[in-house]
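Trainee: Quick one: this structure, given as structure tokens, is what I'll be asking you about.
Please treat every number below as a calculation from the coordinates, not as lab data. Computed from a predicted model, the values in this text were never measured in an experiment. Here the Cβ positions follow ideal geometry from the backbone for every residue, glycine too, while neighbour counts run over all protein chains shown.
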Amino acid sequence: MSQSSCRKSPDTTSSAAISTSSAPTSTSSTRTNMSKQSTKDDRILALQEEIQNLKAGLGEYDPNVIIQNHIRLLHTYNEVKDGTQSLIGKYAQITGKTIREAHVEMGLPLTD
């Protein structure tokens, strides 16, 4: 036998396997994809409904106006608190106590 006759011919089964792997998906796989899409669509609808309910709960109030009002109130609160802490500090200094002792004497919380 010659060397050329001993060579194997190219394997045609591997190319056939490749071509069959690109075949359309099965109906089971299609159903799974459709089910996933349906689930996503249901979730989107549920979220849209929740948005509508939250908007209805706000009524005629603009969320940006509500936020700006809260920010304004927080600034006012912080200014009052800073003034109060300053007065408590002066009181503690005048009476020779620590700020902690002044808080305890006045029945104020030691933390925010």
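Trainee: Report the full-extension gain for the segment Ile67 to Asn33: residue separation times 0.36 nm, less the Cα-Cα distance, to one decimal in nm.
Mentor: 8.0 nm is the gain from fully extending Ile67 to Asn33.
Trainee: Starting from the Kirkwood radius over alpha-carbon pairs of the stretch 61-112, derive D by Stokes-Einstein at 20 °C in a medium of 1.002 mPa s and give it in µm² s⁻¹.
Mentor: On the way: Rh = 12.8 Å.
In µm²/s, the coefficient rounds to 167.
Trainee: At 7 Å along the Cα-to-beta-carbon direction for both Asp41 and Leu87, put a label point, then send me their distance in nm to one decimal.
Mentor: 6.5
Trainee: How about the stretch 38-95: which chymotrypsin sites (Phe, Trp or Tyr not before Pro) there are in a DSSP loop, with at most 12 other Cβ atoms within 10 Å of their Cβ? Could the numbers behind the result be given before it?
Mentor: Numbers: sites: Tyr61, Tyr77, Tyr91; in loops: Tyr61.
Counting only loop positions with at most 12 other Cβ atoms within 10 Å, the chymotrypsin sites (Phe, Trp or Tyr not before Pro) in the stretch 38-95 are Tyr61.
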